[in-house]
Amino acid sequence: MSIILDPSVSLTSTVDGKRRRKDMLFLALLWFGILLAVVTLVVLLVDTFLTGRSRLNWEFLSGHTSPFAEDAGVQSAIFGSLWVVLPAGISSLLIAIGTAAYLEEFTKPESKVQAFINLTIQTLAGVPSIVYGILGLAFVARGPLDWGFTVRTASVVLAMMILPVMIVASREAIRAVPSSYREGAFALGCSRWQCVRQQVLPAAVPGIATGSILGVSRALGESAPLIMLGALAYVSSNPTGFGDYYTVLPLSIYKYATEADSEFQYAAAGAIIVLLAMLLVLNFTAIVIRDRSRKSL
Amino acid sequence: MSFSPSQEAIELLDNLLPSGAQQRRRIYERVVQTVLMCTSFITVIVLFAVAGSLVPPTIDFFQEVSFGEFFGRTEWYPLFEPPAYGIWALMSATFLVMTIAIIVAVPGGLAAAFFLNQYASDRVRRYLKPTLEILAGMPTVVFGFFAVNFVSPNIVQKLWPFGEVDFYNALSAGLVVGIMILPMMTTLAEDAMNSIPKALIEGAYALGPTKREVCTGVIFPSALSGIIASIVISLSRAIGETTIVLLAAGASAKFTLNPAESVQTLASFIGFAGIGDQETDSTGYRTIFAVGTFLFIITFILNIISIRVVRRFREVYE
């Protein structure tokens, strides 16, 4: 945010040396904070790329995860990630849209229901991801559902984990729809649901899409809960159904990174590049959707 | 709800429909509303499931291990014979990693927030914001790999002035966790700064201070509640971080505050113990849930504090 009037420029002549020195020191500290973030990011990307560069070939992409460094690949991890993350994203999105529509369009901001669900969402958003792993271990992999360490277990747990992000994104998108849309619909005699379904939700689609892509990216990069749900394994085939064993990209990175043989470090870095590329594609899609919708409004 | 006609208005319009259609539409509306309401209660079910998965095994755990043993000892060997269940070994490590992370994230995040809010030109903002977004979206396993593969050997082991550093150490884990939370800290702090009314800041500038004086004298105190809340949320994130700590700090649970040593935090213990396929009906298995409950309670309290701080100390601007 830049201030329109910027008097510090015209008044600098009245600033004495001591204040000037303090200002310089303060600005230096700010730059230090910025550089800390920027330099770390650059070093991280460059170091990973240089380490993993040698692995960026077809053998690596088409090979399966393996305990032998020279055979180590990522294909089963890529497909595992897709099998786990896509259903998680879609189911979480549907629940999030329903919740957001209910809270924004059917309840009043000061109502008890809304206060209660708001508190629930805030609490869920603050739960560490590893705790979702415990939940999955107790109720989904074992216990009442007893699905074992399979694709569907991982998918359900990730869906629950990203639910708060998805809901917040959908709510913001719905809130951003101009109220004239609703007024117009109601004036034509629409019922509340007709108004939501035919006017509000279609107008909110770009916003919901951008927001939910962020949620899906989180699921794609998440490792902690899946450590507990059997994804930390070498898997030599792609999943063919929801009941199959699986591994995901973040956990093959983890597995390669913890192998003693230094040859595996290249494989870990190579897998990171693949994961970052997938995230890049997702986020690029989000940006394109955002820009398209901005033009049309 | 941005716009809502009164219930009477809707019913008035309803009355224009023929009575059969009216009836059908009302029932349909009622059904849809009920379905949506049930959907929105899924979040509540998830929260109950989280609590429900944690509490029963924790109760069983405390029937086998006394509170005195859990909270009174500093040795933690739950999976060995003879086992020891002193949570302070994990607590000290959690505190250690959290403190290092906060030392990086809070000053760094505040600096970035002040910079974005008052100093950065639009052009700089346009590059800086996406950079922070990329950093915020970076998977934790990537940070973990970076910590163990770059930060530990190239920075921590080379520059640590006080003797030997373990290859797996709390310091590189803490530093990288700090970098991981920095963008979130920046965003939350800058949101707080943005919600200060422009008139207050313009009024301050009219009195002839420098930018630094406005930052420290006006913006910082006005945004304080939001800044405190963002620090509390950062604390909670640092405490709950698993993968980075698991990769970079190793797995030796010991009671220490020495950042050069390998340590195990609450969260990284859960991940570590969850890797091995534990026998489900053992005290070792239930330890995961006991520690999980402890972790959940800590983050829950921090979360409530942050909500309260924002609500109670928010300067109300009309």
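The values are calculated or read from the model by the stated rules, or taken from the named source; none is laboratory data. Bear in mind that the values here come from a model prediction, so they are computed numbers and not experimental data. Glycine also receives a Cβ, built like all others from the backbone with ideal geometry; neighbour counts cover every protein chain displayed. Areas reflect the complete protein model, heavy atoms only, side chains present, ligands, DNA and RNA absent. Shrake-Rupley method; radii C 1.70, N 1.55, O 1.52, S 1.80 Å.
Report the paramagnetic label zone for A:Val39: residues of the stretch B:104-139 whose backbone N is under 14 Å from a point 7 Å from Cα along the Cα-to-Cβ axis. Only B:108 fall inside the zone, counting backbone N under 14 Å. Taking a straight line from the alpha carbon of B:Lys254, these aspartates and glutamates sit under 15 Å away, with near neighbours fewer than eight places off in the same chain left out: B:Glu75, B:Asp166.
Result for chain B in a Gaussian network model with C-alpha springs under 10 Å: among B:Thr99, B:Thr34, B:Thr283, the largest mean-square fluctuation is at B:Thr34. Summary of the geometry: the stretch A:32-59 and the stretch B:162-189, compared by the centres of their Cα atoms, lie 17 Å apart.
Would you mind getting the accessible area per residue of the stretch B:76-313, heavy atoms of the protein chains only, 1.4 Å probe, in Å²?
Per residue, the stretch B:76-313 has 38 Å² of solvent-accessible surface.
Chains B and A together bury roughly 8400 Å² of accessible surface, counting both sides and using a 1.4 Å probe on protein heavy atoms.
So which residues of the stretch B:79-119 lose at least 40 Å² of accessible area, probe 1.4 Å, when you go from the chain by itself to every protein chain present? Output list: B:Ala111, B:Phe115, B:Tyr119.
Hey, any idea what % of the stretch B:7-65's accessible area is carbon plus sulfur with a 1.4 Å probe? Carbon and sulfur together cover 67 percent of it. Volume per residue of the convex hull around the Cα atoms, evaluated for chain A, comes out as 220 Å³.
Working value for the stretch B:76-313: equivalent-ellipsoid semi-axes of 38, 20, 14 Å, each the square root of 5 times a Cα gyration tensor eigenvalue, largest first. Rolling a 1.4 Å probe over the protein heavy atoms of chain A, with every protein chain left in place, gives an accessible area that is 66 percent carbon and sulfur. Surface composition of the stretch B:76-313: carbon plus sulfur atoms hold 64% of the accessible area, using a 1.4 angstrom probe and ignoring ligands, DNA and RNA. In the stretch A:31-76, what residues drop by 20 Å² or more of accessible area when the other protein chains are put back, versus the chain on its own? Use 1.4 Å, and skip ligands and nucleic acids. Checking the loss per residue gives A:Trp31, A:Gly33, A:Ile34, A:Leu36, A:Ala37, A:Val38, A:Thr40, A:Leu41, A:Val43, A:Leu44, A:Asp47. Accessible surface calculations at 1.4 Å, restricted to protein heavy atoms, place the stretch A:158-297 at 41 Å² per residue. Rounded to the nearest 20 debye, the dipole magnitude of the stretch B:76-313 is 940 debye, with +1 charges on Lys and Arg beta carbons, -1 on Asp and Glu beta carbons, and the Cα centre as origin. The helix-based estimate of mean residue ellipticity at 222 nm for the protein assembly as shown, built from -39,500 (n - 2.57) per DSSP H run of four or more residues and divided by its residue count, is -22000 deg cm²/dmol to the nearest 500.
Quote the charge dipole size of the protein assembly as shown about the Cα centre in Debye, to the nearest 20; the model charges only the Cβ of Lys and Arg (+1) and of Asp and Glu (-1). So the magnitude is around 2080 debye. If R0 is 45 Å, the Cβ-Cβ spacing of A:Ala233 and A:Arg292 corresponds to a FRET efficiency of close to 0.65. In this rough spin-label picture, where each label sits 7 Å from Cα along the Cβ direction, the B:Phe167-B:Gln63 distance is 4.4 nm.
Between B:Arg25 and A:Leu145, the C-beta separation translates, for a Förster distance of 35 Å, into a calculated FRET efficiency of about 0.35.
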